[in-house]
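Presented below is the structure to which this report refers.
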Amino acid sequence: MKIAFVGKGGSGKTTLSSLFIRHLAANEAPVVAVDADINQHLGAALGLDEAEAAALPAMGAHLSLIKDYLRGSNPRIASAETMIKTTPPGEGSRLLRVCEDNPVYDACAVSVRLDDGDIRLMATGPFTESDLGVSCYHSKVGAVELCLNHLVDGPEEYVVVDMTAGSDSFASGMFTRFDMTFLVAEPTRKGISVYRQYKEYAQDFGVALKVVGNKVQGQDDVDFLRDEVGEDLLVTVGHSGWVRAMEKGRPPRFDQLEAENRMSLQALQNAAEDSYEDRDWERYTRQMVHFHLRNAESWGNAKTGADLAAQVDPAFVLAEPAAVPQPS
């Protein structure tokens, strides 16, 4: 299943996404973690040192390889150059699976050893000075969206994406690519502002959204969040000595995380598993096509010089891994 962590800058979404990833690894779940934030901190939160985090391969730098691989033998896609971030798969496309080896993972993923197992980590790549004036961050996360569009995953497999801060993912259809979105909010007026943006826009697309209250210091903070977000509040997280030690670069073993915080992480996993039961592959594919056609009309056709609506395979529905044939 696909899980997104979103929230305003400084809310603690990267820290919580890293804790959730560690929790899943401790429960022996296969995990692909993706750092899609403009500030690349997920690697460090998962224990990489500064040099290791800086050496993570950038997905954006391998976009041509990703397009070439995913295009496969799809006859509706004339060339990899005509693929954009919203291009949907069709008959002949190559699909990605969580538990496999493929050229995309070979180029863009690194194995990270946690206390209780290995996970795959991928990163969009940082926004650098060379991008100023010639690029925008949405082009950086395009590789992530393209991979999500071509990903088939099962109920006990996890793709966890640490999203860019705020509501930038609304610029494309990426916010609809997830079975569950966890919005991390502090108990302040600013802390819930992104929640309101997400709630207003995402509810029209059936996006499953739950709020994780972070930096909660007492019942008054819990009451404030409950008053503001209602039943969308799933759990709250308070001060953690384990997290403080991690931020100093000296984390204890993960099994020493405070019991109440372990229970909160289990609540997140339970909510994610429940959301997967509501997955509708036809709606998922239909939304993918919807945003592709919007992007094609607004800028994609002009940029590529092609009619990108012709890339849509009307008979294709992304489905469970066992039901989708993989081209040779």
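Name, by its number, the condition in (1) under 22 Å from Leu46 (Cβ atoms); (2) open to solvent by 30 Å² or more (accessible area, probe 1.4 Å); (3) without any contact (Cβ under 8 Å) to a residue 12 or more places away in the chain that does not hold for His239.
Of everything listed in (1) under 22 Å from Leu46 (Cβ atoms); (2) open to solvent by 30 Å² or more (accessible area, probe 1.4 Å); (3) without any contact (Cβ under 8 Å) to a residue 12 or more places away in the chain, His239 misses just condition (3).
Exactly one condition in (1) without any contact (Cβ under 8 Å) to a residue 40 or more places away in the chain; (2) surrounded by 11 or more Cβ atoms within 10 Å (Cβ to Cβ) is not met by Pro251; state its number.
Just one mismatch for Pro251, condition (1).
Any residue at all in segment 46-55 that's at pLDDT 95 or above, among the charged types (D, E, K, R) and surrounded by fewer than 19 Cβ atoms within 10 Å (Cβ to Cβ)?
So far as segment 46-55 goes, no, none of its residues is at pLDDT 95 or above, among the charged types (D, E, K, R) and surrounded by fewer than 19 Cβ atoms within 10 Å (Cβ to Cβ).
Could we say that Arg253 is within 27 Å of Glu157 (Cβ to Cβ), of a type in the set (D, E, K, R) and under 20 Å from the mean Cα position of the chain (by Cα) here?
Spelling it out, it is not the case that Arg253 is within 27 Å of Glu157 (Cβ to Cβ), of a type in the set (D, E, K, R) and under 20 Å from the mean Cα position of the chain (by Cα).
Just to check your reading of the model, which residue among Glu277, Glu260 is more than 30 Å from Ala53 (Cβ to Cβ) and acidic (Asp, Glu)? Write out each step before concluding.
On the way: Glu260 fails: more than 30 Å from Ala53 (Cβ to Cβ).
After applying the criteria, what remains is Glu277.
If we keep just the residues of segment 183-192 that are under 24 Å from Val160 (Cβ atoms) and in contact (Cβ under 8 Å) with a residue 40 or more places away in the chain, which is surrounded by the most Cβ atoms within 10 Å (Cβ to Cβ)?
Taking the candidates together, the pick is Ala185.
Keeping to segment 224-244, report how many residues are over 26 Å from the mean Cα position of the chain (by Cα) and farther than 18 Å from Lys190 by Cβ.
Adding up the residues that qualify gives 1.
Condition check ((1) buried (at least 16 other Cβ atoms within 10 Å of the Cβ); (2) at pLDDT 85 or above) across all residues:
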site	(1), (2)
Val110	yes, yes
Arg113	no, yes
Cys136	no, no
Ala143	yes, yes
Asn149	yes, yes
Val159	yes, yes
Ala165	yes, no
Ser169	yes, no
Asp179	yes, yes
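When you scan segment 201-235, how many residues do you find that are buried (at least 20 other Cβ atoms within 10 Å of the Cβ) and among the polar types (S, T, N, Q)?
Summing the residues that are buried (at least 20 other Cβ atoms within 10 Å of the Cβ) and among the polar types (S, T, N, Q) in segment 201-235 gives 1.
Six or more apart or on different chains, Cβ under 8 Å: which pairs go from a residue in segment 279-304 that's among the aliphatic types (A, V, I, L, M) to one that's open to solvent by 80 Å² or more (accessible area, probe 1.4 Å)? Could you list them?
Ala296/Asp307
Any idea which of Ala296, Ala272, Ala319, Ala309 is among the aliphatic types (A, V, I, L, M), surrounded by fewer than 19 Cβ atoms within 10 Å (Cβ to Cβ) and not in a loop (DSSP other than H, G, I, E, B)? Spell out how you get there, then give the answer.
On the way: Ala296 fails: surrounded by fewer than 19 Cβ atoms within 10 Å (Cβ to Cβ); Ala272 fails: surrounded by fewer than 19 Cβ atoms within 10 Å (Cβ to Cβ); Ala319 fails: not in a loop (DSSP other than H, G, I, E, B).
Sole residue among the options that is among the aliphatic types (A, V, I, L, M), surrounded by fewer than 19 Cβ atoms within 10 Å (Cβ to Cβ) and not in a loop (DSSP other than H, G, I, E, B): Ala309.
The values are calculated or read from the model by the stated rules, or taken from the named source; none is laboratory data. As the structure is a prediction and not an experimental result, all values here were calculated from the model. Neighbour counts run over all protein chains shown; Cβ positions are idealised from the backbone, glycine included. Just so you know, the surface numbers come from the protein's heavy atoms only, side chains and all, with ligands and any DNA or RNA stripped out. Shrake-Rupley method; radii C 1.70, N 1.55, O 1.52, S 1.80 Å.
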